Amino acid sequence: MPIGKAKAPKAPKEKKPKKEKPPKEKKLKKGKGEPEQVDGTGQEQQEQEKKKKLPILMLIPVVVIIAAAVIIFVFVLPGRNADKDPDATVSVEPEPPVLPTELPVGDIMVPGMVLEADEFAAQAVLAKTITYTYTDLVDAGKAAETYVKQLKTADPRYYVVDEELVRQREQPDFATAEGMVLMARNLPKPEPEVTESAAPESAAPEGEESGQPESSEAPQSPPPEESAEPVDETPDMVITVRITWSPGQCVVTADEMLGKVTAPPPDSTGGVGQRPVSQQGAQDRISSMTPAELGLPGESMDQYVVFPIDGVEMVDDVACIRVNVFDGSDGSNRFMGGYLVSTDGQHLYRQDPSTDEIIILK
């Protein structure tokens, strides 16, 4: 048995109610708004603040775009277009032209022309003139005459002209000890460039339909051609050969110059008249002349057969009718030469049968 008294059980202690602590306020961090409120009033304030922030956030890209546009238009574009400003001109002082300082003449050098800055556009163009001196000649006049005949039969042929490039009917007297004759011919102009037009569309082959009548369109008129830009006309140029002879030598100078070889003015004192010459008129004119005037042997044209040729031939840009002359005295009908009568009756040419040289008779 246990010794002593039994202890009575202790009554349970009453628990003290815990004191509720008020919620602690959260500390605000930099850049953040107020802490969230637990109650409903805090949520409403939070929603109102969000609504206020939305318009501000939408305005930020608009402001950035406007600022970028201002920077581009004010600073960037004016700098790029500065070089293309048509009003910006740079004045340049003219400088003296660069010209050859020496001109070679054989083994001797001649000082070149020196110009000031006011002649800045001047140029030194080397002339195409060439001169040959033929020396140790036995008969210089005869040598000049032979050379003139050679140029007359050249292709293209040269003509005896005066200083105005007008053809001369009379030949110089080569029997004199000294003399000069000028010959010239026109240079051909370059042909204008011709652009090839587009080839027309080929027609549809037989058996194939070109389309239904309902869907066929009316033919369209070609577009109007654009007016071509004016082209500078090429100037007239001639080649001249100046032949000067003196005892023992002959000087030939060839050159190129502006101008045009022209026919002599019409002779108002003679000729057939102002009416156009027909084939019959050309035949009658040759038949009425003497053999000596035509460069033929004999005393009368009765021994010759005069035969006109159909068509018109051009001699020095003059329309002419050809008349051939044959020797009918022995029945051989040997060709004696061709004559060209201009249709205005003012010019008469003879073509040499052996050399085909065109000789001006009138």
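The values are calculated or read from the model by the stated rules, or taken from the named source; none is laboratory data. The structure presented is a predicted model; accordingly, all values stated were derived computationally and were not measured. We place every Cβ from the backbone using ideal geometry, glycine too, and count neighbours over all the protein chains shown. Ligands, DNA and RNA are excluded from the accessible area calculation, which covers all protein heavy atoms including side chains. Shrake-Rupley method; radii C 1.70, N 1.55, O 1.52, S 1.80 Å.
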Candidate set from segment 93-111 (those that are among the aliphatic types (A, V, I, L, M) and either in contact (Cβ under 8 Å) with a residue 40 or more places away in the chain or not in a loop (DSSP other than H, G, I, E, B) (or both)); member that is most open to solvent (accessible area, probe 1.4 Å)
I108
Picking from G295, G337, which residue would you name as being open to solvent by 30 Å² or more (accessible area, probe 1.4 Å), closer than 30 Å to A175 by Cβ and over 45 Å from the mean Cα position of the chain (by Cα)?
G295
When you look at A140, is it in contact with a Pro (Cβ under 7 Å, 6 or more places away or on another chain) and at pLDDT 90 or above, yes or no?
yes
What do you reckon, is D352 farther than 17 Å from T262 by Cα, at pLDDT below 85 and of a type in the set (D, E, K, R)?
yes
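Does D118 satisfy the condition of being in a loop (DSSP other than H, G, I, E, B) and either surrounded by 10 or more Cβ atoms within 10 Å (Cβ to Cβ) or at negative phi (or both)? Explain how you work it out, then say what you get.
Values: in a loop (DSSP other than H, G, I, E, B): no; either surrounded by 10 or more Cβ atoms within 10 Å (Cβ to Cβ) or at negative phi (or both): yes.
When the stated conditions are applied, D118 does not pass them.
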Check on K152, under 33 Å from the mean Cα position of the chain (by Cα), charged (D, E, K, R), modelled with pLDDT under 90 and surrounded by 10 or more Cβ atoms within 10 Å (Cβ to Cβ):
no
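Conditions (1) closer than 16 Å to P247 by Cα; (2) of a type outside the set (D, E), marked per residue:
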{"residue": "P111", "(1), (2)": "no, yes"}
{"residue": "A121", "(1), (2)": "no, yes"}
{"residue": "D136", "(1), (2)": "yes, no"}
{"residue": "G141", "(1), (2)": "yes, yes"}
{"residue": "T153", "(1), (2)": "no, yes"}
{"residue": "P156", "(1), (2)": "no, yes"}
{"residue": "A177", "(1), (2)": "yes, yes"}
{"residue": "V181", "(1), (2)": "yes, yes"}
Selection from segment 170-186 of residues in contact with a strand residue (DSSP E or B) (Cβ under 6 Å, 6 or more places away or on another chain), touching a residue at least 40 places away in the same chain (Cβ under 8 Å) and not in a strand (DSSP E or B) yields E178
Assuming V90 fulfils every condition listed in (1) farther than 30 Å from L182 by Cα; (2) assigned to a helix (DSSP H, G or I); (3) of a type outside the set (D, E, K, R) apart from one, which condition is it?
(2)
Between a residue in segment 148-162 that is free of Cβ contacts under 8 Å to residues at least 24 places away in the same chain and closer than 20 Å to T262 by Cβ and any residue that is in a helix (DSSP H, G or I) and aliphatic (A, V, I, L, M), which pairs come within a Cβ distance under 8 Å, given they are 6 or more apart or on different chains?
V160/V148
Could you list, in sequence order, the residues of segment 121-169 that are farther than 30 Å from D352 by Cα and part of a loop (DSSP other than H, G, I, E, B)?
A121, A122, Q123, A124, V125, L126, A127, K128, T129, T135, D136
